[in-house]
Amino acid sequence: MSGHISKRKYASGQTRWRARHPDPSKGGNHEIEKTFATRREADDWLAAQKDSVKSGTYIDPRSKQTFAKVADEWRATWRPLNLKPTTKAGYEGLLEKHVLPRWGQAKVNAIRPDHVQEWVNKELANPKTGKPRSPNTVRNIYNAFREVMSLAQRRRYIATNPCEAVRLPTKAQQPRTNKRNKLRTLSPGQIQQLAKAVPSHYRTAVVVAAHTGLRAGELWALRRDDIDLLRGTISVDETLSEIYSDSEHLTAAEKGLVFGPPKSDAGEREFSLPGVTLDLLKEHLAQPLPGGANPTALIFTTPSGTPVRHGLFYQRVFKPALRRGKLPTAFTFHDLRHTCASLTLSVSKGNFYLVKESLGHADIQTTVNTYGHLVPHADEALAASLSKLFETDADARAGRRPSLRCRS
């Protein structure tokens, strides 16, 4: 990119030198200009602009953006990504509660690494309560700050990102526990105990959750046309979330009870229902339901026909049902999902792929890491099968000692 310098003489007799340079941040279609008292100053400035463009360190000399302004620009980048309302609400909460109160009015080109490090250290001590804050929470707060500063660097408001020189607290490690005791699952008998203790209006919903492993948001978002009674399948393509935020950057449709896509692409799935679950749903759908009878009507609602707020359901319905059913109060609604995984592994002889597909995990490694300990004897079965294979091979060779060396 080229630039040029022009001389201008004023009526007062004063001479000034105006240097102009194409603005790289606008594709070179606009020019940046600056006026100097001498030709040498103008030449030096123009040369510095050209060198910075070549080296990739160009910074818009007019840029004095505040952090809050760049944060608004970051928000604008969310739209093309089509972020879920829960994700947007999470970002907004981090920005408005933790980041903007400290950095909102600061000029991004004045923020230094030591400023950021001092802030991170203070966040660890939680200045509002004085109690230590989780390292993972601090990292989440910091990540929102870093995203804004990274955008400032990409848009040439700053030459380098001060976050590059900041040390973060180590992620909190989960305490080591016996894997066999890590997950809580219900037996088929306990599922029946829980179903009997739950008010009749929610009984089918609880049993379906235990039989299918649906997440709470997926269960409460089920509609009539998601169940194919002829094929005996269920489709999951929507979830119901509770979003509580007073952020002005979220629309009314992004607050309160919000319907949206599943947790991940893998969460959008279809799978066959067990016969007993299908019969239960047939009976449930055959009766008049508060949600209505049109194809898009919700299957499970409150008695008045409104969508279920899971937080209220959990506290007012699920936990009391555990006590009435004389079940361990440590059980959670999410344990019904673990229960489904455990039962599926039991009847499928450890087929993790089936569990992955029915639960909607994005990666089978997640399934294995979470539920691998539920198949503790898989290695024993493998060893026994290999032993039997070698013995058969040895018999076939009429007494020849089998070789374990691989043939190339």
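The values are calculated or read from the model by the stated rules, or taken from the named source; none is laboratory data. None of these values were measured; they are calculated from a predicted model. Methodologically, a virtual Cβ is constructed for each residue, glycine included, from the backbone with ideal geometry; neighbour enumeration extends over all protein chains shown. Protein only, heavy atoms only, side chains kept; ligands, DNA and RNA dropped before computing areas. Shrake-Rupley method; radii C 1.70, N 1.55, O 1.52, S 1.80 Å.
Whether any residue in the range 290-311 is open to solvent by 80 Å² or more (accessible area, probe 1.4 Å) and not in a loop (DSSP other than H, G, I, E, B) is what I want to check. No - not one qualifying residue is present in the range 290-311. When E380 is tested against (1) modelled with pLDDT of 80 or more; (2) open to solvent by 60 Å² or more (accessible area, probe 1.4 Å), just one condition goes unmet, and that condition is (1). For the range 63-115, which residues satisfy the criterion of being crowded, with 17+ Cβ neighbours inside 10 Å and acidic (D, E)? Correct list: E92, E96. Residues that are more than 16 Å from the chain's Cα centre (by Cα), at pLDDT 90 or above, farther than 23 Å from E92 by Cβ and assigned to a helix (DSSP H, G or I): does the range 226-236 have at least one? Yes; the residues of the range 226-236 include at least one that is more than 16 Å from the chain's Cα centre (by Cα), at pLDDT 90 or above, farther than 23 Å from E92 by Cβ and assigned to a helix (DSSP H, G or I). Looking across A205, A209, A221, one residue alone is crowded, with 21+ Cβ neighbours inside 10 Å, under 22 Å from A341 (Cβ atoms), touching a residue at least 60 places away in the same chain (Cβ under 8 Å) and out of contact with any helix residue (DSSP H, G or I) (no Cβ under 8 Å at 6 or more places or on another chain). It is A221. Within the range 333-350, being exposed (fewer than 15 other Cβ atoms within 10 Å of the Cβ) and among the hydroxyl-bearing types (S, T, Y) holds for S346, S348. Remark: pairs (first residue in the range 314-333, within 23 Å of W220 (Cα to Cα); second residue aromatic (F, W, Y) and assigned to a helix (DSSP H, G or I); Cβ separation under 6 Å; 6+ apart in sequence or on different chains) = V317/Y202; F333/Y314; F333/F318.
Quick check on D43: is it modelled with pLDDT under 75, farther than 26 Å from W103 by Cβ and open to solvent by 60 Å² or more (accessible area, probe 1.4 Å)? Against the criterion (modelled with pLDDT under 75, farther than 26 Å from W103 by Cβ and open to solvent by 60 Å² or more (accessible area, probe 1.4 Å)), D43 does not qualify.
Quick check, is L240 modelled with pLDDT under 90, open to solvent by less than 70 Å² (accessible area, probe 1.4 Å) and under 27 Å from L95 (Cα atoms)? No, not satisfied. For S342, the conditions (1) in a loop (DSSP other than H, G, I, E, B); (2) in contact with a helix residue (DSSP H, G or I) (Cβ under 8 Å, 6 or more places away or on another chain) all hold with the exception of (1). Scanning the range 248-289 for residues that are open to solvent by 60 Å² or more (accessible area, probe 1.4 Å) and closer than 15 Å to S358 by Cα turns up K263, D265, E268, E270, S272. Being surrounded by fewer than 20 Cβ atoms within 10 Å (Cβ to Cβ) and β-branched (V, I, T) is a condition met by at least one residue of the range 173-184. In the range 355-363, the count of residues that are open to solvent by 60 Å² or more (accessible area, probe 1.4 Å), of a type in the set (A, V, I, L, M, F, W, C) and within 24 Å of the chain's Cα centre (by Cα) is one or more. Just one of the listed residues (K34, K7, K26) is closer than 30 Å to L151 by Cβ, at pLDDT 75 or above and open to solvent by 90 Å² or more (accessible area, probe 1.4 Å), and it is K34.
So that you can scan it fast, the table gives a plain yes or no per residue for (1) farther than 15 Å from L327 by Cβ; (2) outside any helix (DSSP H, G or I):
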| position | (1), (2) |
| --- | --- |
| I191 | no, no |
| K196 | no, no |
| H201 | yes, no |
| A205 | yes, no |
| E218 | yes, no |
| L240 | yes, yes |
